[in-house]
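Peer 1: Pasting a structure here, questions to come.
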Amino acid sequence: MTTRRLYSITLLILCQVLAVTLWFSASSAAATLIEAGAITRREAGLLTGAVQLGFVAGTLVSAWYGLADRIDPRRLFAAAAATGALANLLILWSGFDGAATLLLRFVTGAALAGIYPVGMKLAAGWAQRGVGLLIGTLVGAVTVGSALPHLVIALSGLDWRVTICASSAAAGLAAVLILTVGLGPRHATSARFVPGEALTALRRPALLLANAGYLGHMFELYAMWAWIGVFLGWGLAEAGWGAGEGGRAIPSASLLTFLVIASGGIGCVVAGAAADRIGRTTVTMAAMTVSGLCAATIGFTPALGPAVLIALAIVWGVTIVADSAQFSAAIAELAEPRLVGTMLTLQTSLGFLLTFATIQAMPFLIETLTWRYAFMILAIGPALGTLAMWRLRREPESLKIAGGRR
């Protein structure tokens, strides 16, 4: 690995970690505010849902106009990170109890559309044979970045302002650093503009099935990430963890939420290395099978004690996101080089549109089914995703994936 390539990839990963802290900066604070009775579960769901809808709107616009393949991705990333940092910081003014906060979270989500898929476009430009490992490392960085606000909450107690300020500062730094990242030898741009061209390419069976697998994965992922902190607060209390005066269960749950989500970073890297060697569909099917089983059973673990609850939560955290990068890697391998950025943007747009529905459904599921059974519904997604990836293996075009390893 040349010095320039190593520098660019390392800095790109750092910028992703810093910028995506914006994603859960508000919802991580909301988890503790729910415990304190300051906001309701439904209000917390709306905060996260506003980010998802903003992201969908931003990615749809980007995909339609092919922005990720027509604009220097470094400048697009920098502008998006700076915009997101400002919108996030303005929550200090709006607080958590007004419509302005929902609008600010929507803008933050739209800004993230210029960060997450654009970062993968930059990574794909540097990929050689190990595209799964490289994108897996990048998505692992996104996972750790998404978890960091929970760590800030755990260290700072219930002062949500610390989390907001820290995430905005991190995104602002990312906006500056990304401009020094180099473009890789496989970076390609679109010389012509055809509105909606990505939607036409999406009709190819292999691309359609790869995206179907991704949708099954996303059906589960962000609903779990958004609500696992609240669940752990309930589960640990049920298991007798941190009982007593002083509310010790709240910071314990926040720290454990960070560990559960951040552990997925390890899963992304390991799965990326494995997928390059034994096949992407094999790895994605294995990961979705395990994560689906975790979703179906974790509600019963508080009765078995905190050790079992924490252990299964970490296994779920590792496997629920381990396959995420491999869907993106498959798209990068199946799409035309000049459309990689746009196809990745469209993929994430479809996925996050689905997550809005699952995140908003969780408060209803919790009230109706209780925490014991609520997460069980999420297992539907990985089950259908596994079926889609099994079908992809049978497509002749799947030989393009992972050098024929599928």
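Peer 1: Quick check on Pro382: is it within 18 Å of Gln326 (Cα to Cα), modelled with pLDDT of 85 or more and touching a helix residue (DSSP H, G or I) at 6+ places or on another chain (Cβ under 9 Å)? Even if it seems obvious, please write down each step before you answer.
Peer 2: On the way: within 18 Å of Gln326 (Cα to Cα): yes; modelled with pLDDT of 85 or more: yes; touching a helix residue (DSSP H, G or I) at 6+ places or on another chain (Cβ under 9 Å): yes.
Taking the combined requirement at face value, the residue satisfies it.
Conditions tested, residue by residue: (1) buried (at least 17 other Cβ atoms within 10 Å of the Cβ); (2) touching a Phe, Trp or Tyr at 6+ places or on another chain (Cβ under 8 Å); (3) over 30 Å from Ile228 (Cα atoms).
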| position | (1), (2), (3) |
| --- | --- |
| Gly58 | yes, no, no |
| Ser62 | yes, no, yes |
| Asp72 | no, no, yes |
| Asn88 | yes, no, no |
| Leu102 | yes, no, no |
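Peer 1: To continue, here is another question. Checking Pro117 against (1) within 20 Å of Leu354 (Cα to Cα); (2) touching a helix residue (DSSP H, G or I) at 6+ places or on another chain (Cβ under 6 Å); (3) of a type outside the set (Val, Ile, Thr); (4) surrounded by fewer than 24 Cβ atoms within 10 Å (Cβ to Cβ), which single condition isn't satisfied?
Peer 2: Against the list (1) within 20 Å of Leu354 (Cα to Cα); (2) touching a helix residue (DSSP H, G or I) at 6+ places or on another chain (Cβ under 6 Å); (3) of a type outside the set (Val, Ile, Thr); (4) surrounded by fewer than 24 Cβ atoms within 10 Å (Cβ to Cβ), Pro117 comes up short only on (4).
Peer 1: Condition first: touching a residue at least 24 places away in the same chain (Cβ under 8 Å), touching a Pro at 6+ places or on another chain (Cβ under 6 Å) and surrounded by 18 or more Cβ atoms within 10 Å (Cβ to Cβ). Can you find one or more residues in the stretch 352-372 that meet it?
Peer 2: Checked the stretch 352-372: no residue is touching a residue at least 24 places away in the same chain (Cβ under 8 Å), touching a Pro at 6+ places or on another chain (Cβ under 6 Å) and surrounded by 18 or more Cβ atoms within 10 Å (Cβ to Cβ).
Peer 1: Which ones in the stretch 201-220 are without any contact (Cβ under 8 Å) to a residue 12 or more places away in the chain and either buried (at least 23 other Cβ atoms within 10 Å of the Cβ) or part of a helix (DSSP H, G or I) (or both)?
Peer 2: Pass one, the stretch 201-220, residues without any contact (Cβ under 8 Å) to a residue 12 or more places away in the chain: 203, 208.
Residue satisfying the conditions is Leu208 alone.
Peer 1: Would you please name the residue that is nearest to Leu22 (Cα to Cα), looking only at residues in the stretch 156-188 that are among the polar types (S, T, N, Q) and modelled with pLDDT under 80? Please lay out each step first, then the result.
Peer 2: Initially, the stretch 156-188 is screened for residues among the polar types (S, T, N, Q), giving 156, 163, 167-168, 180.
Narrowing the set further to residues that are modelled with pLDDT under 80 leaves 156, 163.
Values: Ser156: 17, Thr163: 10 Å.
Looking at the filtered set, the residue picked out is Thr163.
Peer 1: Does Glu367 satisfy the condition of being of a type in the set (Asp, Glu) and more than 24 Å from Trp316 (Cα to Cα)?
Peer 2: no
Peer 1: Please specify each residue of the stretch 86-144 satisfying the condition of being at pLDDT below 85 and among the basic types (Lys, Arg).
Peer 2: Scanning the stretch 86-144 gives Lys121, Arg129.
The values are calculated or read from the model by the stated rules, or taken from the named source; none is laboratory data. In this text the structure is predicted, and so the values were computed from the model without any measurement. In this analysis, Cβ positions are derived from the backbone assuming ideal geometry, glycine residues included, and neighbour counts consider all displayed protein chains.
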